[in-house]
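Asks: Got a structure here, written out as structure tokens. Questions coming.
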Amino acid sequence: MSDLTDTTPGWLSSDELEMARARMPILYVEAVPVRVDDSGEVTSIGMLLRIGPDGNVSRTLVSGRVLHHERVRDALLRHLEKDLGPVALPRLPASLQPFTVAEYFPTQGLTPYHDPRQHAVSLAYIVPVTGDCQPRQDALD
């Protein structure tokens with residue numbers, strides 16, 4: 001059986017991804033889904049509940065890689081739909097501005113963020129959602 005990621009445009013095979021992660025920073029997007037009231041004030045903040053590879057349960061943000069030739073906006077929408085479901089109805093502004101840029105390093109202590117697999121740069125956004133959020137993929141809640 002062949003690896004589906006080998007034939008999907010924009011995806012790297014597992015070996016190619018490992019080689020790229022060892023040699024260059026990888027771009028990610030992260031989203032903090034929020035509910036806002038009519039005046040635009042945040043009334044609640046959403047987090048995903050996941051079980052990690054080590055079996056630990058933790059809360060995390062919506063996040064994922066930006067594919068080759070993919071706009072940041074499209075990557076953000078793709079990951080929001082993948083994790084929150086197709087009817088979460090995220091509202092992205094016309095001009096996206098991250099609230100922070102986080103750098104993850106394989107070496108602990110360089111920044112508060114650590115990823116043992118790679119050096120990654122993540123653009124983090126606050127995204128209002130108005131629809132029904134249903135966890136998908138590996139999210140529990």
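Asks: Search the range 35-55 for residues being surrounded by fewer than 16 Cβ atoms within 10 Å (Cβ to Cβ) and in a strand (DSSP E or B), and hand back the single one that is modelled with the lowest pLDDT. Quick ask: steps written out before the conclusion?
Replies: Taking the range 35-55 and keeping what is surrounded by fewer than 16 Cβ atoms within 10 Å (Cβ to Cβ), we get 35-45, 47, 49, 51-55.
Right, trim to in a strand (DSSP E or B) and you get 35-36, 42-45, 49, 51.
Numbers: ARG35: 96, VAL36: 95, VAL42: 96, THR43: 96, SER44: 95, ILE45: 95, LEU49: 88, ILE51: 84.
Restricting to residues being surrounded by fewer than 16 Cβ atoms within 10 Å (Cβ to Cβ) and in a strand (DSSP E or B), the top hit is ILE51.
Asks: Further question on the same structure: Is there a residue in the range 63-78 that is more than 12 Å from VAL29 (Cα to Cα), open to solvent by 70 Å² or more (accessible area, probe 1.4 Å) and either free of Cβ contacts under 8 Å to residues at least 24 places away in the same chain or of a type in the set (Ser, Thr, Tyr) (or both)?
Replies: no
Asks: Related question: How many residues, within the range 100-141, are of a type outside the set (Ser, Thr, Tyr), modelled with pLDDT of 90 or more and in a strand (DSSP E or B)?
Replies: So the count comes out to 12.
Asks: Shifting gears a bit: Please work out which residue is modelled with the lowest pLDDT, limiting yourself to the range 9-34 and to residues that are part of a strand (DSSP E or B) and not hydroxyl-bearing (Ser, Thr, Tyr).
Replies: Among them, the one singled out is ILE26.
Asks: To continue, here is another question. Just the residues that are open to solvent by 70 Å² or more (accessible area, probe 1.4 Å) and under 18 Å from ALA75 (Cβ atoms), please, taken from the range 116-133.
Replies: The answer is ILE126, and nothing else.
Asks: Within 18 Å of HIS79 (Cα to Cα) and of a type outside the set (Val, Ile, Thr): is that true of LEU96 in this structure?
Replies: Yes, satisfied.
Asks: Which of the following residues is in contact with a strand residue (DSSP E or B) (Cβ under 8 Å, 6 or more places away or on another chain), more than 18 Å from ALA124 (Cβ to Cβ) and surrounded by 13 or more Cβ atoms within 10 Å (Cβ to Cβ): LEU96, LEU89?
Replies: LEU89
The values are calculated or read from the model by the stated rules, or taken from the named source; none is laboratory data. A quick note: this is a predicted structure, and the numbers were derived from the prediction, not measured. When we count neighbours, we look across all protein chains shown, and the Cβ atoms used for this are built from the backbone with ideal geometry, even at glycine. Just so you know, the surface numbers come from the protein's heavy atoms only, side chains and all, with ligands and any DNA or RNA stripped out. Shrake-Rupley method; radii C 1.70, N 1.55, O 1.52, S 1.80 Å.
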